[in-house]
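Asks: Please read through the structure below; I'll follow up with questions.
The values are calculated or read from the model by the stated rules, or taken from the named source; none is laboratory data. Keep in mind the model is a prediction, meaning the values are calculated, not measured. When we count neighbours, we look across all protein chains shown, and the Cβ atoms used for this are built from the backbone with ideal geometry, even at glycine.
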Amino acid sequence: MLLALVFGVTLALLGVTAGALVAVTSEHFRGATVVGVVDRDASLVEYFVNGNLRESDLDADRIGDDRSVELSGLLGVLTDRDDSIARLEIRDVDGRVLVSDDSDLVGTAAGIPSGMTAALEARSTAVLLEAGTQTEAAGSLANPNGMVQEYLPIVSGDGTTLAVVAVWRDARTLMAGLEATQRDVMLVTMVAGVLLAAMLFLVFRASQARLTRQHRQLLDATRRDALTGMLNHGAVVALLAEEVETARRDKAEIGVALVDVDNFRLFNDTHGHEAADQVLLRVAALVAREGAEGSVARYGPDEFLIVQRGSGTAQMEVSVERLRADLRDESVQFGDSEALPISVSVGICAYPEHAASVTDLLSAAVVALSEAKASGGDGVRVAQTGEEERVVSGSFDVLQGLVIAVDTKDRYTKRHSEDVARYAVFLAQRLGLDDEMLRTIQLAGLLHDIGKIGIPDVILRKPSKLTAGEYAMFQQHVALGDAIVRDVPNVEVVRAGIRHHHERWDGDGYLDGLEGEAIPLIGRVLAVADAFSAMTTTRPYRKALSVTEALKRLGDAAGTQLQEELVTQFITGIETDADAPLPGEEPVRLWRPELWVA
């Protein structure tokens with residue numbers, strides 16, 4: 001869109017420039033032509049004056065009638081020889097006609113028109129009159145074709161203007177030349193403009209194609225793992241959420257297998273990163289082959305996720321066994337080492353057999369994988385289906401699975417979530433909320449940023465300010481978090497906290513733009529805790545602020561970003577409560593004499 005706008009503006013500027021060029025060129029040609037006519041007529045007048053006039057001829061009181069008729073006849077001869085001259089007059093300084101090629105006009109008081117004023121100051125003037133324009137000639141003079149109106153001074157030796165010769169020359173030939181020149185200039189300009197427009201079109205089209213390709217590559221890079229080319233963690237979680245929605249509607253199954261490379265850390269520590277990358281690429285190729293009918297992703301540093309719609313645990317077990325059989329034939333060797341085997345541990349689960357939501361499904365896969373690895377690796381475990389063994393929605397197991405998911409994505413997010421839970425519970429206690437609400441707020445604090453597992457790492461960990469497009473993508477983490485936990489029963493209040501903890505008291509927050517008390521209380525409480533935690537934790541783009549500075553900025557945000565009463569309660573508690581939670585492993589207690597001394 002931007003390139004199209006630039007292209008349109010460029011063409012408009014080109015058109016304006018071409019029009020201006022034609023106008024300027026025509027005007028310059030017009031002026032040059034008029035100057036040429038004046039120069040020629042000045043020579044003609046000079047020849048006539050020097051050869052025929054006497055000083056007395058320029059005085060109305062001294063020139064006689066016979067002399068006037070004689071000179072008028074001589075002017076008539078000039079107009080007969082040059083049929084483009086329509087009128088010739090010699091006027092005295094008062095504007096009276098002394099001599100004219102039309103003898104009937106001799107003695108006419110023509111006055112001093114505007115064009116003649118400059119000639120009285122010894123300066124020749126000329127103007128091109130359009131066809132039909134009235135002339136300044138004595139009597140009547142038709143102007144069907146346009147005329148060049150000239151005033152040429154007759155000057156004495158001391159520079160005084162004695163009289164003025166007025167010439168009116170038919171401009172038909174001149175106008176025809178001007179029109180031809182305008183056509184030629186317009187034609188050349190149009191051809192050049194068309195060629196330039198075509199060149200610009202090709203350049204802009206190539207630029208647009210390149211930008212589109214780069215945008216596609218950049219978008220793909222946010223969803224793909226750089227080493228394996230597979231979907232990354234965030235992309236596959238988002239895809240799985242869509243698959244679950246579709247499967248729920250179509251009453252279909254979804255098979256999930258979480259594959260972990262055994263002893264990967266030993267590969268990495270003993271033989272280096274390049275050797276470990278070779279192992280990952282070997283496993284990735286086989287995983288991609290087995291998951292060709294579904295979706296595959298690099299889920300963690302040494303983990304892969306296979307998602308197959310329409311498959312249950314039985315089909316997933318068959319695919320996994322084929323993968324393990326292929327790996328038995330694989331080995332790697334680095335330097336002088338022996339041929340080293342490659343093996344994997346796998347956790348399998350299925351929707352809806354083991355879980356009814358994305359959160360529970362991934363939790364079940366993590367638990368099954370842990371059991372597979374606990375037996376020494378190179379094992380496969382299917383998630384338990386017994387009611388007493390199932391992951392119960394809302395239980396500590398589900399919560400732990402979510403925390404593991406967050407931790408796998410980003411350690412900062414996990415620690416930040418724990419801090420937010422502590423601060424939010426502290427604020428809720430100061431507000432006098434009941435125990436049930438305290439437990440709900442703690443759960444919401446731990447899960448408030450669960451949606452960040454779907455945000456690309458290049459955005460989540462970018463060590464500089466986000467662009468507008470990146471920030472808009474980042475804002476979606478609250479909606480994704482809401483979607484991830486919405487199938488967990490009895491968590492409507494938790495969902496409200498997850499979705500609305502970035503709303504602002506003044507209504508300028510996201511995603512729903514709620515204002516004031518329209519924001520759920522849990523969202524307002526989490527907003528205060530989230531802001532304090534964000535400021536007192538080192539981020540990729542800045543170091544942590546001191547508690548004092550963070551509290552000051554928190555106070556500055558009261559009434560705009562945050563509810564003032566909640567901010568006051570939180571700041572007062574942090575400054576005065578001996579058990580107030582503070583950031584860091586060994587927090588420094590604040591001491592405010594004005595608050596502690598009565």
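Asks: Going through Val35, Val77, Val9, Val22 one at a time, which residue ends up being closer than 30 Å to Met199 by Cβ, exposed (fewer than 13 other Cβ atoms within 10 Å of the Cβ), at pLDDT below 85 and not hydroxyl-bearing (Ser, Thr, Tyr)?
Replies: Val9
Asks: Return the only residue of Ala137, Ala163, Ala142 being in contact with a Leu (Cβ under 6 Å, 6 or more places away or on another chain) and at pLDDT 85 or above.
Replies: On inspection, the qualifying residue turns out to be Ala163.
Asks: Pairs under 7 Å by beta carbon, first residue more than 26 Å from Val307 (Cβ to Cβ) in segment 246-271, partner not in a helix (DSSP H, G or I), six or more apart or different chains?
Replies: Matching pairs, first to second residue: His271/Phe334.
Results for (1) surrounded by 18 or more Cβ atoms within 10 Å (Cβ to Cβ); (2) without any contact (Cβ under 8 Å) to a residue 60 or more places away in the chain; (3) assigned by TED's automatic domain parsing to the domain that holds Arg87; (4) among the small types (Gly, Ala, Ser), shown as yes or no for each residue.
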position: Thr125; (1), (2), (3), (4): yes, yes, yes, no
position: Gln134; (1), (2), (3), (4): no, yes, yes, no
position: Ala137; (1), (2), (3), (4): yes, yes, yes, yes
position: Ala142; (1), (2), (3), (4): no, yes, yes, yes
position: Pro153; (1), (2), (3), (4): yes, yes, yes, no
position: Asp184; (1), (2), (3), (4): no, yes, no, no
position: Thr189; (1), (2), (3), (4): yes, no, no, no
position: Val194; (1), (2), (3), (4): no, yes, no, no
position: Leu200; (1), (2), (3), (4): no, no, no, no
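Asks: Quick one: which of Thr560, Thr568 is in a loop (DSSP other than H, G, I, E, B), modelled with pLDDT of 90 or more and among the hydroxyl-bearing types (Ser, Thr, Tyr)? Explain how you work it out, then say what you get.
Replies: On the way: Thr568 fails: in a loop (DSSP other than H, G, I, E, B).
That would be Thr560, the only listed residue that is in a loop (DSSP other than H, G, I, E, B), modelled with pLDDT of 90 or more and among the hydroxyl-bearing types (Ser, Thr, Tyr).
Asks: Moving on. State yes or no: is Asp260 within 30 Å of Asp482 (Cβ to Cβ), within 28 Å of the chain's Cα centre (by Cα) and of a type in the set (Asp, Glu)?
Replies: No, not satisfied.
Asks: In segment 417-441, which residue that is farther than 22 Å from Leu362 by Cβ and of a type in the set (Ser, Thr, Tyr) is surrounded by the most Cβ atoms within 10 Å (Cβ to Cβ)?
Replies: Top of the filtered list is Tyr423.
Residues are listed down the side, and each one gets a yes or a no for (1) on the phi > 0 side of the Ramachandran plot; (2) surrounded by 19 or more Cβ atoms within 10 Å (Cβ to Cβ); (3) assigned to a helix (DSSP H, G or I); (4) at pLDDT below 90:
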| residue | (1), (2), (3), (4) |
| --- | --- |
| Leu443 | no, yes, yes, yes |
| Lys465 | no, no, no, yes |
| Glu470 | no, no, yes, yes |
| Pro489 | no, no, no, yes |
| Arg495 | no, yes, yes, yes |
| Gly509 | no, yes, no, no |
| Leu514 | no, yes, no, no |
| Gly523 | no, yes, yes, no |
| Phe532 | no, yes, yes, no |
